[in-house]
Structure formats: C-alpha cells, structure tokens
1. Averaged per residue, what accessible area in Å² does the chain show with a 1.4 Å probe, protein chains only?
2. Could you run the Karplus curve 6.51 cos²θ - 1.76 cosθ + 1.60 with θ = phi - 60° over segment 6-18 and give me ³J(HN,Hα) per residue in whole Hz, x for Gly and Pro?
3. Summing -39500 (n - 2.57) over the DSSP H runs of n ≥ 4 in the chain and dividing by its residue number, what mean residue ellipticity at 222 nm do you reach, to the nearest 500 deg cm²/dmol?
4. Over 26 Å apart: what share of the alpha carbon pairs of the chain falls there, rounded to a whole percent?
5. HN-Hα J couplings of segment 48-61 from phi, Karplus 6.51/-1.76/1.60, θ = phi - 60°, integer Hz, Gly and Pro as x?
6. Probe radius 1.4 Å, ligands and nucleic acids ignored: give me the carbon and sulfur share of the accessible area of segment 3-73 as a rounded percent.
Amino acid sequence: MSRLQTLDALQNAQILTLRQIGENVAAQTRRLEGLTAKVDDVRERLVRLEAQEAGKLVEALRSDLKAAVGRVDLLEAARNKIEGAAALWNWVVKSAPWLAAGISAFVAGIGLKSLDGR
C-alpha cells in the first residue's frame, strides 16, 4: 500500500468516525428533547395537582369561615335578646314608681266608681 492510499484510508476512517459521532450526537439530542418534553409534562401535571390541593384547602377554609360566621350570628342574636331583656328591665325599674301610681289611680278610680254606683 502506498502512502497516498494509506492517507486516503485514514481520511475515510476519520470521515466515517465523524459521521458516526454526528449521528450519535443527533440521536442523543432527539432523546434529550423527548426527555425534556416528558419533564415538561410532569411539571404541568404537578402544577395541576398543586392547584387542586390549593383549591381543596381554599374550599375547606371557606367551609370553616361559613361555620364561624354562623356561630357569630347565633351569638349576636343571643346578645341582642339579652340586651333587649336588660333594656326592658331597666325601663320597668325606672318606670316602676309611675306604673305603681298609675295602677293605684286606676284601682282607686274603679273603687270610687263602684261606690258611686251603689
């Protein structure tokens, strides 16, 4: 074999090796793109799952808040009844002398009427 043939064979081997390296890099690139797509899909699924969990937590908080508002409404209604009863009692205490005088006058008036009617 001549030196020119040897260089030609060596050059063909180098070209074949570079082609194989290029094909292997292209195949790895395609695999990497596939893996990237799968990672993106997993990321999107994870985001959806986290959003669902957050939605469940928000619904639970809304339910707790609704129950708390109901309890507050019941407590306010009870307080209003107590305040109403206390206001009535205060009015009765303040008006007791007038009420007693009015009732006494009424009874006296009935007593006088019964005496006149004899």
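1. Values: 10840 Å² over 118 residues.
Per-residue accessible area for the chain comes out at 92 Å².
2. Each residue of segment 6-18 in turn: 5, 5, 5, 5, 5, 5, 5, 5, 5, 5, 5, 5, 5 Hz.
3. Values: 1 runs with 114 residues, N = 118.
Helix-only estimate at 222 nm: -37500 deg cm²/dmol.
4. On the way: 5037 of 6903 pairs.
I get 73 percent for the Cα pairs in the chain exceeding 26 Å.
5. Taking θ as phi minus 60°, the curve returns 5, 5, 5, 5, 5, 4, 4, x, 5, 5, 5, 5, 5, 5 Hz for segment 48-61.
6. Values: 4000 of 6520 Å².
C and S fraction of accessible area: 61 percent.
The values are calculated or read from the model by the stated rules, or taken from the named source; none is laboratory data. Fair warning: this is a prediction, and the values are worked out from it, not measured in the lab. Accessible surface areas use protein heavy atoms only, side chains included; no ligands, DNA or RNA. Shrake-Rupley method; radii C 1.70, N 1.55, O 1.52, S 1.80 Å.
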